[in-house]
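Just below is one structure, and these are the notes that go with it.
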């Protein structure tokens, strides 16, 4: 997973880059809050960010607030802090951070926190995909409830691409439903009454 990592200390930043790479992630590394916010405004922005709480320019909390105010795809934010003041941690969580790690931390702890964040991001992505599928299905159902252009003679239906297709195919394409064929009583009397073979029950 691509993970934004914002840390103003160059030594800590390099160690974090190496650790993320070793754990199979791609680190997008910046040195201050302004640069972090620039990255998080891009269309291809990472869906997870590790932000130092205190940085030059925008703080980690400032970046977090801007991300939440901007909306769009959710970004899982993990805050790094050396502060022992619990009020700062509460402020970060209220600003929209999902989790935090207090420095100095062990690599095992950071790896576990990041792994938990990756699981959350993956679940959110699957949920978003499911919502899109349901919205598409709902739109198709609305289309079926609207006016359907049908040929008065052959009863074929005109699709959105201006192709004429059998009504069975039209319904199946938009709903996934399979169409079975039978003969209603009226058509049985009208078309099959004079043919003894057609009136025989199927074996």
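The values are calculated or read from the model by the stated rules, or taken from the named source; none is laboratory data. Please read all numbers here as calculations on a predicted model, not as lab measurements. Every residue, glycine as well, gets a Cβ built from its backbone with ideal geometry; the counts of neighbours run over all protein chains shown.
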For the structure I just gave you, tell me whether residue 67 is more than 19 Å from residue 19 (Cβ to Cβ), outside the structural domain of residue 24 (by TED's automatic domain parsing) and in contact with a helix residue (DSSP H, G or I) (Cβ under 6 Å, 6 or more places away or on another chain). no
For residue 68, indicate whether it is under 15 Å from residue 5 (Cβ atoms) and either surrounded by fewer than 21 Cβ atoms within 10 Å (Cβ to Cβ) or modelled with pLDDT under 90 (or both). no
Among the residues of the stretch 80-103, write down those that are outside any helix (DSSP H, G or I) and without any contact (Cβ under 8 Å) to a residue 12 or more places away in the chain. 85
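Can you confirm whether residue 86 is more than 21 Å from residue 35 (Cβ to Cβ), exposed (fewer than 13 other Cβ atoms within 10 Å of the Cβ) and modelled with pLDDT of 80 or more? Give the derivation first.
Numbers: more than 21 Å from residue 35 (Cβ to Cβ): yes; exposed (fewer than 13 other Cβ atoms within 10 Å of the Cβ): yes; modelled with pLDDT of 80 or more: yes.
Judged against the criteria, residue 86 is a match.
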For the stretch 46-61, enumerate the residues that are without any contact (Cβ under 8 Å) to a residue 60 or more places away in the chain and buried (at least 19 other Cβ atoms within 10 Å of the Cβ). 46, 49, 51, 52, 53, 55, 58, 59, 60, 61
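For (1) part of a helix (DSSP H, G or I); (2) closer than 19 Å to residue 116 by Cα; (3) at pLDDT 90 or above, each residue gets a yes or a no:
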position: 12; (1), (2), (3): yes, no, no
position: 20; (1), (2), (3): yes, yes, yes
position: 24; (1), (2), (3): no, yes, yes
position: 29; (1), (2), (3): no, no, yes
position: 36; (1), (2), (3): yes, no, yes
position: 39; (1), (2), (3): yes, no, yes
position: 58; (1), (2), (3): no, no, yes
position: 72; (1), (2), (3): no, no, no
position: 77; (1), (2), (3): no, yes, yes
